[in-house]
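For reference, the structure discussed in these notes is given below.
Here, each number is a calculation from the coordinates, and none is a lab measurement. Note that the coordinates shown come from a computational prediction; the quantities given were computed from them, not determined experimentally. Note that each Cβ is placed from the backbone with ideal geometry, even for glycine, and that neighbours are counted across all protein chains shown.
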Amino acid sequence: MDRRSFLKTGCYGVTLFTTAGLIPPLPRRAVAASLSFAITAEAVVRTLIDGSVLSAWQFTGGVNGAGPGALGAGLVVRSGDIISVALTNVLAQAINVTIPGVLENTPACPPGATQIYQFTAPAAGSYYVCDALPGDIGRAMGLFAPLIVMPADGGNRLNAGGALFDKQYTLVLHEADDRLNAAIVAGQAYAMADYEPNYFFINGLSYPDTSARADTAIAMTVGQTIALRIINPGLIYNPLHFHGYHVQVISRNRSLETAVVDKDTVSMCYCLLPKVACFLCTVIACLRASGLPASTDASTRPGSRTDPWRRTYFHLFGI
Amino acid sequence: MAAAQTLANGTSLRVWSFGGGFNGDRAVPAPVIELIEGQSAAITLNSMMPHSIHPHGLDVNQANDGVPTTSGFVGMAMPMMGNFGRVAGLPSLGSSYTYSFVAPHAGTYMYHCHGDTVLHQEMGMVGTIVVRPADGSTDRVWTGGPQFSREHIWHLHTFDTTWHTQTLSGAGTVRYRPDVFMINGRQSVAATADSATAIRGMADDVVLIRLVNTGYLPAVVSLGGLTFQVIASDGRPLRATPMVTQWQVAAGERYDILLTLTAGTLREAQVDYYNIRGTAVLGSATTMIQAS
């Protein structure tokens, strides 16, 4: 994918950024900007890795381009930017735009309407945008998008004053229970207690498609430091295991990690203890290329009809 | 190899095993492999059936990583068995292969079969690797690290018995609904009687418990309300060592915890296995902690 295709100029005359698994550097600038994003919530039919089709919902970036992998939308901004998201809802039911921990209890956007949601970009870190009406159904159906907040100075750091990285990727984890999707698009209810997903995705892709996409298969050269923004807007926990590598966990859910840092298996979510809702789970991890070719298995969850392990690959060059 | 495990309800369950048993007395989990930091390690797998050994967390090179798609498999492809092991078209390493690497940091690791992993790992092809400090000492967790006087491995695993009639992952393994909940391959009553699992020590014993989750569910470990210290994970010391009364261990994770016994301690330790949404406990395994 052409890096320049990530940079778009929007109708308000400011430069807009969309996120991809491989995030290009932001241009430096001195002051916070006002940025406007237009996204659409719409029904999509996804062809899955085994050839079956899944009726789902998705945020798409409209004129602003696509998110990483097969995700439809994503935002990359700088801390302090004034953000305006114009949501157009072409679904048959009301939804909204929320950002767990940042922007909650927002007004509904009725079917056919456009609603503006405004917020100030929070501290540098990884977040996600999602629908929270009604309950978990929107996320189960696919209404989410990554929100990447870079430091105000636009530098290649995960947090202000943090360590530099060479490249960064966004890996969005989610899953689907095709029975839920079938029920929802048929206008029926689905009891979340029955939610048992049978398809699993990174950036909307299943293996081996994950290794075929430049924004999801991680490519690095020896000595580089790679930032991985692992975002789980799904409804299940996922342990990611890194073959050949330990990673450094930099932060979880907007907090710097100070204890459980050096890991080969990173749990998403982390939060059975203390017993709190697990809906917000983002992890930023750093990986330093050591010279080992490696693959990583995301999730030891069994049960997919196809390859039950989500998997993406690190490719090392220059060895 | 195939083996049978007698469950608490008296029925016999087919399991797959690397043989040898945890302490020589059980098929699952597989033998504990002890290595010394900085020394060369060689683990030979002999198998006619397609399997492999993945040294999980040891950061080995690709040739010794045991992933059939990138590193081949041990044994022969068995097309008449419906692509057993899911190794069709992948390179065979022969009926015997020695996985070689230098043991990295002292700590707790695991190994498992990576052929048709979802089924083979669940069926019991899992084991623990303990890397001792470079001086070979068996009373410190790592060089200069905390000292301990007793040591246990708690290998956390569950079975969905409906999976144990399968020979290949697929339609029969779409959803995971475990009904057997274990520590070291033992359900509660047996785990309490098991000397490898139950902690029976003296006052002032410092007990190291190596928690290894080779199952598929998030497990929450509690020691009957006793406070313990979490000191390491995934073969690395923690940067801070929290004192807690319960701790979550996700699939594939390892945590090393320290418990100091006091005179008269008599508690029931419990491992709660949560569903993948973290909303309910599907089942538990218990064992005993006792100090004279």
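With the cut-off at under 16 Å, measuring from each backbone N in the range B:143-161 to a point 7 Å along the Cα-to-Cβ line of B:Asp179 picks out B:158-161. For the protein assembly as shown, the residue among B:His155, A:Ala140, A:Thr98 whose Cα projects farthest onto the positive side of the dipole built from Cβ charges is A:Thr98. Under 5 Å from the amide H of A:Gly80 lie the amide H atoms of A:Ala121, each residue being 5 or more positions distant or on a separate chain, with H modelled from the backbone and absent for Pro and chain starts.
If R0 equals 25 Å, the separation of the Cβ atoms of A:Leu256 and B:Thr245 corresponds to a calculated FRET efficiency of about 0.55. Placing dummy labels 7 Å off each Cα toward the beta-carbon, the span from A:Ser55 to A:Ala94 is 2.3 nm. Would any residue of the range A:111-133 have its amide N under 20 Å from a label point 7 Å out along Cα→Cβ of A:Glu104? List them or say none. Output list for this probe position: A:117-133. Less than 5 angstrom separates the built amide H of A:Tyr128 from those of A:Leu147, all sequence-distant by 5 or more or on a different chain.
Enclosing the Cα atoms of the range B:107-254 in their convex hull gives a volume equal to 126 cubic angstrom per residue. Backbone phi angles across the range A:161-169, fed through the Karplus curve with coefficients 6.51, -1.76 and 1.60 (θ = phi - 60°), yield HN-Hα couplings of x, x, 5, 6, 10, 8, 8, 9, 10 Hz in residue order; Gly and Pro are listed as x.
Between the amide H of A:Val172 and those of A:Asn203, A:Ile231, distances stay under 5 Å, these residues lying 5 or more places away or on another chain, with hydrogens modeled in the peptide plane.
Between B:Met76 and B:Ser12, residue separation times 0.36 nm minus the direct Cα-Cα distance comes to 20.2 nm. Antiparallel beta bridges, as assigned by DSSP with both residues in the protein assembly as shown, represent about 75 percent of the total such bridges. Applied to the range A:86-94, the Karplus parametrisation 6.51 cos²θ - 1.76 cosθ + 1.60 on θ = phi - 60° returns per-residue 3J(HN,Hα) values of 9, 9, 9, 10, 9, 6, 8, 9, 5 Hz, with x for Gly and Pro. For the residues B:Arg236, B:Arg267, B:Arg277, a GNM of chain B with alpha-carbon springs under 10 Å puts the largest fluctuation on B:Arg277.
Structure remark: mean-square fluctuation, Gaussian network model of chain B, C-alpha springs under 10 Å; the largest value among B:Phe18, B:Phe148, B:Phe181 belongs to B:Phe148. Residues in the range A:145-157 carry Karplus couplings, in order, of 7, x, 10, 9, 10, 8, x, 4, 7, x, x, 7, 10 Hz; the curve used is 6.51 cos²θ - 1.76 cosθ + 1.60 with θ = phi - 60°, and Gly or Pro positions show x. Extension gain, B:Thr165 to B:Met1: 0.36 nm times the residue separation minus the Cα-Cα distance gives 57.6 nm. Compared with the alpha-carbon gap, the fully stretched path from B:Asp135 to B:Ser292 is longer by 53.4 nm at 0.36 nm per residue.
Considering only DSSP beta bridges whose two residues both sit in chain B, what percent are antiparallel, to the nearest 5? So the antiparallel bridges amount to about 80 percent of the total.
Just to confirm my numbers, what's the Cα centroid distance between the range A:40-93 and the range B:52-110 in Å? Here the answer is 39 Å between Cα centres.
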